[in-house]
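Please read the structure below before turning to the comments.
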Amino acid sequence: MAAAAGECSSYTSEVSERRGIPAASFVQDVQSYLNQSGLDVNSALGFLQERLQQYRVVEMKLLAQQRDLQAKIPDIEKCLDIVSTLQAKKESGEALVTDFELSEGIYSRARIEDTESVCLWLGANVMLQYSCEEATALLQTNLENAKASLEVLVADLQFLRDQVTITQVTTARVYNWDVHQRRLRQATTPKES
């Protein structure tokens, strides 16, 4: 099947892949497709179903990444807002009074005066202290990267959906071609009385 898969993938049109997602080929002529790929109808249908399954797995992974990024972007924006509020309060000379969560459902009130630095969670249980300016620059960079990654991810998902559609149409064309060929064979075969 690996050789057949390689042969089928060489029958693609303009784009061969996008970021590791193989492109599906639209089949105009089923007979020449089967001849070129060296597959019979059942093997071709099996290959196409396997490819559809691979696309579904990739789609689930991309959707999970999209959900993660969509949750991450508001968190980064919230952190940027907090750092800018701290900087504004520092410049005006006012103290910032806020409530913060100690543990689930338990809050305490804090008075923050003249803040020079903030601590940011980097992940993997790592927190680093940055000056407010460094924190703003880092968070801004992270926000831009997350938004760019989300745009690429959306484009990947659209490409993937197009490949799923092409593969489904190709599967239907191969199946319908096979049904038509069987009917033709039945019509030309002499009927026994």
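The values are calculated or read from the model by the stated rules, or taken from the named source; none is laboratory data. Remember, it's a predicted structure, so these values are computed and weren't measured experimentally. Cβ coordinates were reconstructed from backbone atoms using ideal geometry, including for glycine residues, and neighbour counts include every protein chain displayed. To get the accessible areas, we keep the full protein, side chains included, count just its heavy atoms, and leave off ligands, DNA and RNA. Shrake-Rupley method; radii C 1.70, N 1.55, O 1.52, S 1.80 Å.
Observations on the model:
- Residues located in the range 105-158, provided they are more than 22 Å from the chain's Cα centre (by Cα) and farther than 24 Å from Gln87 by Cα: Gly105, Ile106, Ala124, Asn125
- Where a residue in the range 147-159 is on the phi < 0 side of the Ramachandran plot and in contact (Cβ under 8 Å) with a residue 24 or more places away in the chain and its partner, wherever it lies, is open to solvent by 50 Å² or more (accessible area, probe 1.4 Å) and small (Gly, Ala, Ser), with Cβ under 8 Å and at least six apart: none
- Set Ala4, Ala44: member being at pLDDT 90 or above and surrounded by 15 or more Cβ atoms within 10 Å (Cβ to Cβ): Ala44
- Top-ranked residue of the range 92-103 - restricted to ones that are outside any strand (DSSP E or B) and either open to solvent by less than 60 Å² (accessible area, probe 1.4 Å) or polar (S, T, N, Q) (or both), ranked as nearest to Glu144 (Cα to Cα): Ser92
Matching residues to (1) in contact (Cβ under 8 Å) with a residue 60 or more places away in the chain; (2) under 16 Å from the mean Cα position of the chain (by Cα); (3) part of a helix (DSSP H, G or I); (4) closer than 26 Å to Gln140 by Cβ:
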{"position": "Gln49", "(1), (2), (3), (4)": "yes, no, yes, no"}
{"position": "Gln53", "(1), (2), (3), (4)": "no, yes, yes, no"}
{"position": "Val58", "(1), (2), (3), (4)": "yes, yes, yes, no"}
{"position": "Leu63", "(1), (2), (3), (4)": "yes, yes, yes, no"}
{"position": "Arg67", "(1), (2), (3), (4)": "no, yes, yes, yes"}
{"position": "Lys78", "(1), (2), (3), (4)": "no, no, yes, yes"}
{"position": "Gln87", "(1), (2), (3), (4)": "no, no, yes, yes"}
{"position": "Lys90", "(1), (2), (3), (4)": "no, no, yes, yes"}
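- The range 159-176 - residue that is in contact with a helix residue (DSSP H, G or I) (Cβ under 9 Å, 6 or more places away or on another chain) and under 30 Å from Lys72 (Cα atoms) and, of those, surrounded by the most Cβ atoms within 10 Å (Cβ to Cβ): Gln163
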